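**Student:** Sharing a structure with you now.
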Amino acid sequence: MGRRDPASLPSVTASQMREVDRLMVEELGIGLLQMMEHAGRGLTEVGRTLLGGELNEKQVLVLVGPGHNGAGGLVAARLFANGGARVTVVLARSANRLKGMPARQYRVLARIGIPSLAFDADPGGLADLLAASDLVVDALLGYSLEGPPRGPVASLIRRANENARQILALDLPSGLHPDTGHVSGSCVRARATVTLAMPKRGLLEPAAHPYVGDLWLADIGVPMALYPRLGFVVGPVFSPASVIRRDEWTATVP
């Protein structure tokens with residue numbers, strides 16, 4: 001395969017991204033904890049842009065699902081708070097039901113005193129909290145979506161769409177199919193989306209644009225030398241910055 005312009009990169013399917021994650025962890029020894037830190041930092045940087053370059057005293061609400069996407073949102077909650085934002089976390093399920101990486105990240109937030117509430121406990125005043133927030137972060141569902149959102153997650157998506165001033169989605173808007181861009185049931189309508197490592201193919205479908213908003217790409221530390229294992233040649237796309245806007249690269253189908 002020939003050389004690819006550094007500003008050009010492939011779009012990937014969910015199964016290809018799962019293989020990237022597997023290779024990162026099992027063969028390179030780059031752990032999920034490291035990747036989550038990068039994801040949270042990229043999300044926070046785009047959030048800062050949406051908030052006019054300043055986090056101090058901004059009100060940020062982070063909607064957190066039970067998987068790795070939720071863990072990235074919890075990292076971002078900590079980093080938003082480090083920047084002076086007043087952060088509240090809304091969990092799609094009670095904290096005692098979290099497992100693995102989300103549970104680990106949640107314990108950190110609890111220790112430093114970032115407030116949280118569990119949506120499955122039907123908290124009152126959520127609509128007002130959403131409306132009062134300068135930014136709502138969607139970290140509910142990632143690229144492993146199978147079927148339409150259900151239960152508390154679906155309800156949180158609907159309430160966010162109805163009440164939030166602006167929503168920033170992590171990796172892809174919750175409810176959007178990562179390969180086709182199809183929406184079946186509830187789907188977040190984001191002002192901007194920060195996708196990780198490589199753009200998921202569904203994000204680039206024209207029908208997905210009303211849900212994706214402005215698309216950004218964040219570096220989570222995947223070595224460029226890994227992509228030839230999947231048949232891709234990727235140049236130094238993150239040369240100008242670790243988070244880049246959609247108009248700074250050309251996404252292609254390999």
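None of the figures in this text is laboratory data; all of them are computed from the coordinates on show. It should be emphasised that the depicted structure is a prediction, and the values quoted were computed from it without experimental measurement. Backbone-built Cβ (ideal geometry, glycine too); neighbour counts: all protein chains shown.
**Student:** Of the conditions (1) part of a helix (DSSP H, G or I); (2) in contact (Cβ under 8 Å) with a residue 12 or more places away in the chain, His209 fails just one. Which one is it?
**Tutor:** (2)
**Student:** A further question follows. Among the residues of region 175-185, are any hydroxyl-bearing (Ser, Thr, Tyr) and over 19 Å from Val20 (Cα atoms)? Break it down into steps so the answer makes sense when it comes.
**Tutor:** First pass over region 175-185, keeping only residues hydroxyl-bearing (Ser, Thr, Tyr): 180, 184.
Those still in the list that are over 19 Å from Val20 (Cα atoms) too: 180, 184.
Yes, that holds for at least one residue.
**Student:** Test Val188 against the criterion of being closer than 23 Å to Ser94 by Cβ, outside any helix (DSSP H, G or I) and among the hydrophobic types (A, V, I, L, M, F, W, C), and give yes or no.
**Tutor:** Yes; evaluated as a whole, the condition is true for this residue.
**Student:** Which residue out of Gly40, Gly53 is without any contact (Cβ under 8 Å) to a residue 12 or more places away in the chain and small (Gly, Ala, Ser)?
**Tutor:** Gly53 is the lone residue from the list that is without any contact (Cβ under 8 Å) to a residue 12 or more places away in the chain and small (Gly, Ala, Ser).
**Student:** When you go through Leu135, Leu91 one by one, which is the residue that is of a type in the set (A, V, I, L, M, F, W, C) and in contact (Cβ under 8 Å) with a residue 60 or more places away in the chain?
**Tutor:** Values: Leu91 fails: in contact (Cβ under 8 Å) with a residue 60 or more places away in the chain.
The conditions single out Leu135.
**Student:** From the list Leu130, Leu145, Leu109, Leu98, which one is touching a Phe, Trp or Tyr at 6+ places or on another chain (Cβ under 6 Å) and not basic (Lys, Arg)?
**Tutor:** On the way: Leu130 fails: touching a Phe, Trp or Tyr at 6+ places or on another chain (Cβ under 6 Å); Leu145 fails: touching a Phe, Trp or Tyr at 6+ places or on another chain (Cβ under 6 Å); Leu109 fails: touching a Phe, Trp or Tyr at 6+ places or on another chain (Cβ under 6 Å).
Testing whether each residue is touching a Phe, Trp or Tyr at 6+ places or on another chain (Cβ under 6 Å) and not basic (Lys, Arg) leaves just Leu98.
**Student:** How many residues are more than 14 Å from Asp171 (Cβ to Cβ) and either surrounded by fewer than 24 Cβ atoms within 10 Å (Cβ to Cβ) or out of contact with any Gly (no Cβ under 9 Å at 6 or more places or on another chain) (or both) when one looks only at region 55-70?
**Tutor:** Qualifying residue count, region 55-70: 7.
**Student:** Show the residue pairs that are 6+ apart or on different chains and have beta-carbon atoms under 6 Å apart, the first residue being within region 158-169 and part of a strand (DSSP E or B), the second being acidic (Asp, Glu).
**Tutor:** Ile167/Asp138; Ala169/Asp138
**Student:** Looking at region 31-43, is at least one residue touching a strand residue (DSSP E or B) at 6+ places or on another chain (Cβ under 8 Å), small (Gly, Ala, Ser) and assigned to a helix (DSSP H, G or I)?
**Tutor:** yes
For every residue, the table says whether it meets (1) over 22 Å from Ala131 (Cα atoms); (2) touching a helix residue (DSSP H, G or I) at 6+ places or on another chain (Cβ under 6 Å); (3) surrounded by fewer than 15 Cβ atoms within 10 Å (Cβ to Cβ); (4) among the small types (Gly, Ala, Ser).
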site: Leu170; (1), (2), (3), (4): no, yes, no, no
site: Val188; (1), (2), (3), (4): no, yes, no, no
site: Thr193; (1), (2), (3), (4): no, yes, no, no
site: Leu196; (1), (2), (3), (4): yes, yes, no, no
site: Leu203; (1), (2), (3), (4): yes, yes, no, no
site: Pro206; (1), (2), (3), (4): yes, no, yes, no
site: Ile220; (1), (2), (3), (4): yes, yes, no, no
site: Val233; (1), (2), (3), (4): yes, no, no, no
site: Asp247; (1), (2), (3), (4): yes, no, yes, no
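**Student:** In addition: Looking at (1) touching a Gly at 6+ places or on another chain (Cβ under 8 Å); (2) surrounded by fewer than 22 Cβ atoms within 10 Å (Cβ to Cβ); (3) among the polar types (S, T, N, Q), which is the one condition that is false for Ser94?
**Tutor:** The failed condition is (1).
**Student:** Please pick out the residue among Gly52, Gly73 that is small (Gly, Ala, Ser) and surrounded by fewer than 19 Cβ atoms within 10 Å (Cβ to Cβ).
**Tutor:** Only one candidate passes the filter, namely Gly52.
**Student:** Tally the residues that are over 18 Å from the mean Cα position of the chain (by Cα) and at negative phi, restricting the search to region 10-39.
**Tutor:** Number satisfying all stated conditions: 10.
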